[in-house]
Amino acid sequence: MTTQPFTVADVMTKKVVAVLPGAEFKEIVATMERWKVSAVPVVEGESRVVGIVSEGDLILKEELHDHRLGLIEQLRRGDATAKAGSRRAEDLMTSPAVTVAPESSLPQAARLMAAHHVKRLPVVDESGTIQGIVSRSDLLKVFLRPDEDLAAEVRHDVVEHLFPLSHHLVEVLVEAGVVTLSGTVRDAALIPVAARLARAVEGVVDVRCELTAGAGA
């Protein structure tokens, strides 16, 4: 296989909107509104990520506004109560932030988001310096790859690799990200392998495998 898998660096947004630890509540809200984002990294020093503030962190102030909690509920919701009474990023942020490396794969980023129930991840280098930000929508960018690019990759990296002697008998069609493999190959055992590898090509939505094995292939 010659094609390198897509990494976070390939799809991340490099222009990052961030705030400093001392940013005031209203400044954070205004920043989110201006740039149409639902969370912002908090950075200090030379853009080192120390936390992240999300709409969920900010909405606590509205949720608990004019609502007096009992002692038991205060203890149970200690972190939320503290955030509701805060007005600076360093007190509102979730820290440490869940981050991802630029060289991480897209499935790795997706698993991190799912495990931590977040919609975006700051992308940081080894020193913790922010390089970009990756969101759920960024991870879906691979599905915008042109059908002809997908067809070329499946043919070159899957069909020609698995069937060096009979690849000319295999047709690769891609429509709306769905790959159809048809034709005759020599080794029946490799047919499910071809389907699995084609499905693993980033940007492929589904695979229809209509390959058959024939002695004359």
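The values are calculated or read from the model by the stated rules, or taken from the named source; none is laboratory data. Since this is a predicted model, take the numbers as computed values, not measurements. Positions of Cβ are backbone-derived with ideal geometry, glycine not excepted, and every protein chain shown enters the neighbour counts.
With respect to the conditions (1) at pLDDT 95 or above; (2) within 26 Å of Ala200 (Cβ to Cβ), Lys141 lacks only one, and its number is (1). The stretch 130-209 holds helices (runs of 4 or more DSSP H) entirely within its bounds, and those carrying 3 or more residues that are outside the structural domain of Val49 (by TED's automatic domain parsing) and over 30 Å from Val53 (Cβ atoms) map to 147-154, 191-200.
Could you please let me know if Lys14 is over 15 Å from Met93 (Cα atoms) and in contact (Cβ under 8 Å) with a residue 40 or more places away in the chain? Judged against the criteria, Lys14 is a match. When the stretch 108-122 is filtered for residues that are under 12 Å from the mean Cα position of the chain (by Cα) and either among the basic types (Lys, Arg) or within 21 Å of Gly56 (Cβ to Cβ) (or both), the ones remaining, listed by number, are Ala109, Ala110, Arg111, Leu112, Met113, Ala114, Val118, Lys119, Arg120, Leu121, Pro122.
Within the stretch 137-165, the set of residues being touching a residue at least 24 places away in the same chain (Cβ under 8 Å) and of a type in the set (Lys, Arg) comprises Lys141, Arg145.
Scanning the stretch 86-104 for residues that are at pLDDT 95 or above and farther than 17 Å from Glu44 by Cα turns up Val100, Ala101, Pro102, Glu103, Ser104.
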